[in-house]
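What follows is a single structure, written as C-alpha cells, with notes after it.
The values are calculated or read from the model by the stated rules, or taken from the named source; none is laboratory data. Bear in mind that the values here come from a model prediction, so they are computed numbers and not experimental data. Glycine also receives a Cβ, built like all others from the backbone with ideal geometry; neighbour counts cover every protein chain displayed. For the accessible areas, the whole protein counts, side chains as well, though only heavy atoms, and no ligand, DNA or RNA atoms are used. Shrake-Rupley method; radii C 1.70, N 1.55, O 1.52, S 1.80 Å.
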Number of protein chains: 2
Amino acid sequence: MDWETLAQDLTLKNDAKIVLLVLDGLGDLPENGLTPLEKASTPNLDRLAKESVCGLTDPVSMGITPGSGPAHLSLFGYDPLEYILGRGILEALGLGVEVKDKDLVARGNFATLKDGQVVDRRAGRISTEINARLCDKINPNLPKGSSLKISLFPGKEHRFVVRFRGKGLSQHLSDADPQKDNKPPVPTRPLRPEAKETANLVNEFIEQVTKLLKEEAKATTILLRGFSQYPSIPSMNTLYKITPAAIAHYPMYRGLAKLVGMDILDVKAETKEIFTTLEKHYAQYDFFFLHYKKTDAAGEDGNFRAKVKAIEEIDPFIPRLVALKPEVLVVTSDHSTPCQLKSHSWHPNPFLLRASSAMKDKVNRLSERECSQGHLGRFTSLRAIPLMLAHSGKLKKFGA
Amino acid sequence: MDWETLAQDLTLKNDAKIVLLVLDGLGDLPENGLTPLEKASTPNLDRLAKESVCGLTDPVSMGITPGSGPAHLSLFGYDPLEYILGRGILEALGLGVEVKDKDLVARGNFATLKDGQVVDRRAGRISTEINARLCDKINPNLPKGSSLKISLFPGKEHRFVVRFRGKGLSQHLSDADPQKDNKPPVPTRPLRPEAKETANLVNEFIEQVTKLLKEEAKATTILLRGFSQYPSIPSMNTLYKITPAAIAHYPMYRGLAKLVGMDILDVKAETKEIFTTLEKHYAQYDFFFLHYKKTDAAGEDGNFRAKVKAIEEIDPFIPRLVALKPEVLVVTSDHSTPCQLKSHSWHPNPFLLRASSAMKDKVNRLSERECSQGHLGRFTSLRAIPLMLAHSGKLKKFGA
C-alpha cells in the first residue's frame, strides 16, 4: 500500500492547526568550525528546540541535491521521484506565470540566428530590459486563433517562458534547441502521435517570432525546451483532509504550493509580513506553509555573514508563532545551501517539531550537528507530513 | 524513477578521485567490553575519523546477513535484492574461474553412489588433494565437441565448480542433487523450454563423470546445483561515468569488481602492495576499490587477537591514502564478521567519509559505537555511492 492510499484511509479532519516554517536553504557547513546556525544568536529558536523533538532530513535521498520543486514536494508529502515536474512548469512557476490545466509551457532563450546557423544560443546574454521589450513587441503581433493564445513572459537576460493556451495541446515534444552553438535550428518533434498537431503549432510559432525579430541586432530567433503541462497531483486536501494555505512571497514557492492545492495568501516582501499574514488568516486554515527566502539567497551568494544575519532576522518572530499555540509547529529547511558551495546541496536539513505529544530530546539548538543527535534520527523529508498529521491527531490507527 | 535512471541523468564526469577502502568483515562485537576496533591502537584511522563524517551502514537491511556478493554489490550502488547473483557464479568467482558471457557454471560436490543411492552427498569430505587429483583425471577425459568444452575446477574438500563453455546454454535448470542422503540421484530438469538441450547435455556429462569415477573409493559420482550464467549488470561507468579500478588480491572480490565493470589491477598478497598498486595507477582511474581481507579472516576464525592485529596492520598505511589527496576517501566494511559468531553477520558497518564538503562530526574514532553517533546516522550501504559521487562533485542537481 502506498502512502497516498494510506493517507486517504487514515487521515481525519479535526480543528488542530499545523504550522510549517521553511527557512529555505538553511543547512550549511562550518566556516572556522561553526555553521551559520551555530554562529547565529538565536535565543528563540534555541528555546523552541529545547521544547521540541529534532532530527535531520534528506529531501530525496542521501547524496541527491534537489531543486526547489522536488525539495518542497517531499516536504508536502509527495515523493519527488514519482511526481516529476517539467522544467517549463518550474520556470513558469518561478516567474509567477499563471498556468491552467490544459496550458502548455516551455522555457525559452532568445538566440542569434545568422546564415541559417544558431551562432549564439543566448543572443549575447541580452539585458533583461531588452528581453522585456522583445516580449512586448512579440506578444501583440502573434496571430490569435479563436482557440489558441500564445504569450511570452520575460525572465532574466535572454530567458523567457512561453505559454500556449488552447485546446488539445500535448507536452510530448522534443526540445526545439540545437543544444550547441553553430548548428542549424532544430524544430520540435512530436514524441507521441497525439503531439503532432502541437508540434506543428509550435514550429509555426517559432517561424513567426523569427520573422518579427528580423531587424534585431542579436536576438534574431528563439529556442524552446522543457515543454510541459500542469502536472496532475492530488491535492493535500484530498490526501490529508486538511485546508492548507501558503504564505510565500516568491513566485516559485507560491506556484509549488498551488500545485498541491494550497490557497495562496497575499504577503508583502518584508519578513514581518509572513507573521502578520499568518495571524490574520489563522482562523481560516488548519495547515500553514510559511516560506522564508533570505537564508537560501545568502547561501547562494556564498555570504556567510548574510546567512547568519538572515537567521538572526527570523529568530525574534518565533514567539509570535508559539503565541498562536498551533498543535504542531515545525521549523526546517527544504534543502541545504552551504555558503562554501554557493548552491543547493545534498546535505541534510535540521528539523524540529513542537507538539504536546513530541518526545523532548537532548537537542538544545536548531543546528545541523545538534539535530543529528535528535530523537527523530535521520529520515526522509517525505515523513515530515505523516509526523505533523500524527502529532495533530489527524491520523488514525492503521489496522486493528 | 529508480536510482539507475537517476544516476545516469545526474552524474557528470570530472577529474575528482574517489578511494573506497573496504576492510572486509571489520565490524564486530565486544569481548571484555571492547570490540577489536576499540581495542586496537589506530592513531591514523583515529585522525581520519576526526576529519570525516561518520555513520553506520546496513548492507541489505537490518537483520539481514549478506554474503560477499550482496554486500559488495550494495557498496557499489547495486541493490542486492534486485541484482541476484547465482551461487554457481559466486563460487566460480571465489575460485578465480574465468567466466565469459555465455558460459554456464554450477557448484559441484563429489558424492558417494552405492547401489543406485547417493549414500553420502559429500563423499566423506575427501581431501582437497584428492579433489584436485579427481579433477585432473576427469578434465582430459571428457568428450570435446567442437562447440562444447567442459572444465572442472577443484575447491576445498569435496567441492568444485564446473564450467560449460559452448553455444545456446541456458541457466534455467533445476539442481541435480537429491538434497538428502540415501536417495537416488536426481537429474537436472529444464525450468524453461529453451533449457531442454542444456539439461540433456548436463545429464550426459554427469553420466560420463560417474563412469570415469567407477574405481574411486568414495567419490563415485557428482551432484550439481546453482546453475548460473554471467549476470547482466550495467557497469559503474555506464551508471556513474566513472573509470573504476579494483585492487583486490582474492579471486572473489576481483570477480565481483569485474561484474560491475571495474578494471582489475594486479596486486601481490602483502598488505603494503595494496597501497603501492594504488600509487602506481593513481593517475589512470577516478574510482578505486581497495580490498583488505585479513579482518574478515580473523573474524571467521573467531580470533579476536588476530583481528586486532589485522586492524593495527592496516592503520600505518592510512597516511599514504591521505597523501594522494583524493577528493573523497571512504573507509568501511562490506559486512561485519564478529569473532563471537565466526561468520558474516547482520551487524552494521562503521563508515567514514573524508571530503572538503563533509560535515565534520564529533566521532573521534572509526568504531562501531562511535560511528553510531555520526552525522550520517544509520543508512543502507546503497547510499554510499551517491554520497561519494556527491562529495566529489559528480552529481548534478535533481529538478529545478
Can you give the accessible area per residue of chain B, in Å², using a 1.4 Å probe? 42
Helical contribution to [θ] at 222 nm, DSSP H n ≥ 4, -39,500 (n - 2.57), averaged over the protein assembly as shown, rounded to 500: -8500 deg cm²/dmol
Listing of the range A:327-365 residues, each with accessible area lower by at least 50 Å² in the full protein assembly than in the chain alone (probe 1.4 Å): A:Trp346
Could you derive backbone 3J(HN,Hα) for the range B:159-171 from the dihedral phi with the Karplus parameters 6.51, -1.76 and 1.60 (θ = phi - 60°), listing whole Hz in sequence and x where the residue is Gly or Pro? 9, 8, 10, 10, 10, 9, 10, x, 10, x, 6, 10, 8
Distances in nm between the label point of A:Leu34 (7 Å along Cα→Cβ) and its equivalents in the other copies, shortest first, are 3.7
Quick one: with label points 7 Å out along Cα→Cβ, list the inter-copy distances for B:Asp115 in nm, shortest first? 9.7
Excluding residues on the same chain fewer than 8 positions from B:Lys294, give the lysines whose Cα lies under 19 Å from its Cα. B:Lys39, B:Lys268, B:Lys272, B:Lys307, B:Lys309, B:Lys342
With every protein chain in place, the residues of the range B:1-28 shedding 30 Å² or more of accessible area versus the chain by itself (probe 1.4 Å) are B:Met1, B:Leu6
Using alpha-carbon positions, the gyration tensor of the range B:204-318 gives root eigenvalues a ≥ b ≥ c; with a/c under 1.5 called rounded, otherwise prolate if a/b exceeds b/c, else oblate, the class is oblate
Given chain B, what percent of its DSSP beta bridges are antiparallel, to the nearest 5? 65
Check B:Gly377: other-chain or 5+ apart residues with amide H under 5 Å from its amide H, H built from backbone geometry? B:Leu56
Given R₀ = 45 Å, FRET efficiency for B:Arg189-A:Ser174 by Cβ-Cβ distance, to 0.05? 0.35
Over the whole of B:191-203, what's the average partner chain Cβ count within 10 Å per residue? Rounded to a whole number, please. 0
When a/c is below 1.5 the answer is rounded, else prolate if a/b is larger than b/c, else oblate, so apply that to chain B with a ≥ b ≥ c taken from the square roots of the Cα gyration tensor eigenvalues. prolate
Computed for the range A:261-384: size of charge dipole around the Cα centre, +1 on C-beta of each Lys and Arg, -1 on C-beta of each Asp and Glu, debye to nearest 20, value 400
What's the magnitude of the charge dipole for chain B around its Cα centre, counting Lys and Arg as +1 and Asp and Glu as -1 at the beta-carbon? Answer in Debye, nearest 20. 420
Identity and axial distance of the chain B residue whose Cβ lies nearest the axis relating B to A, Å: B:Gly377, 3
Using a label point 7 angstrom from Cα along Cα-to-C-beta, what distances in nm, from shortest up, separate B:Asp15 from the other copies? 6.6
What's the FRET efficiency of B:Leu142 with B:Thr271 using the Cβ-Cβ distance as r and R₀ = 60 Å, to the nearest 0.05? 0.90
Once you have the Cα-Cα distance between A:Glu215 and A:Thr128, take 0.36 nm times their residue separation minus that, and quote the gain in nm to one decimal. 29.5 nm
Extension gain B:Glu312-B:Lys13, at 0.36 nm per residue separation less the Cα-Cα distance, in nm? 104.0 nm
The distance between the Cα centres of the range A:71-150 and the range A:156-221, in whole Å, is 10
Given the protein assembly as shown, what percent of its DSSP beta bridges are antiparallel, to the nearest 5? 65
Keeping the other protein chains in place, figure out the carbon and sulfur percent of the accessible area of the range A:1-145, with a 1.4 Å probe. 48
Note on the range B:234-375: contact order normalised by length, alpha-carbon pairs under 8 Å, 6 or more apart, percent, works out to 17
Counting protein heavy atoms only and a 1.4 angstrom probe, how many square angstrom of accessible surface do chains B and A bury in total, to the nearest 100? 2300
On Cα atoms only, tilt of B:128-138 relative to the major axis of chain B in degrees: 50
Carbon and sulfur %, accessible surface of the range A:220-335 computed with the full protein complex present, 1.4 Å: 52
Subset of B:Lys325/B:Lys394; A:Lys280/A:Lys360; B:Lys100/B:Lys293; B:Lys280/B:Lys325 violating a 21 Å alpha-carbon distance limit: A:Lys280/A:Lys360; B:Lys100/B:Lys293
Relative to chain B, whose Cα atoms define the longest principal axis, helix B:196-212 and its Cα axis are tilted in degrees, nearest 10, by 70
Given Cβ point charges of +1 (Lys, Arg) and -1 (Asp, Glu) and nothing else, what value in debye, to the nearest 20, does the dipole of the protein assembly as shown about its Cα centre take? 680
Computed ³J(HN,Hα) along the range B:332-341: with the Karplus parameters 6.51/-1.76/1.60, θ = phi - 60°, integer Hz and x for glycine or proline, the list is 7, 10, 7, 7, 8, 9, x, 4, 4, 9
Note, the range A:82-92: 3J(HN,Hα) by Karplus (6.51, -1.76, 1.60, θ = phi - 60°), whole Hz, Gly/Pro = x, goes 9, 9, 8, 9, x, 4, x, 4, 4, 5, 4
Under 8 Å for C-alpha pairs, at least 6 residues apart: give me the relative contact order for chain A, rounded to a whole percent. 34
0 to 90° range, to nearest 10: angle between helix B:271-281 axis and chain B longest Cα axis: 80
Pairwise FRET efficiency - A:His375 versus B:Val322, Cβ, R0 = 41 Å, nearest 0.05: 0.70
List of the range A:63-95 residues, accessible area with partners at least 20 Å² below that of the chain alone (1.4 Å probe): A:Gly63, A:Ile64, A:Thr65, A:Gly67, A:Pro70, A:Leu81, A:Ile84, A:Arg87, A:Leu90
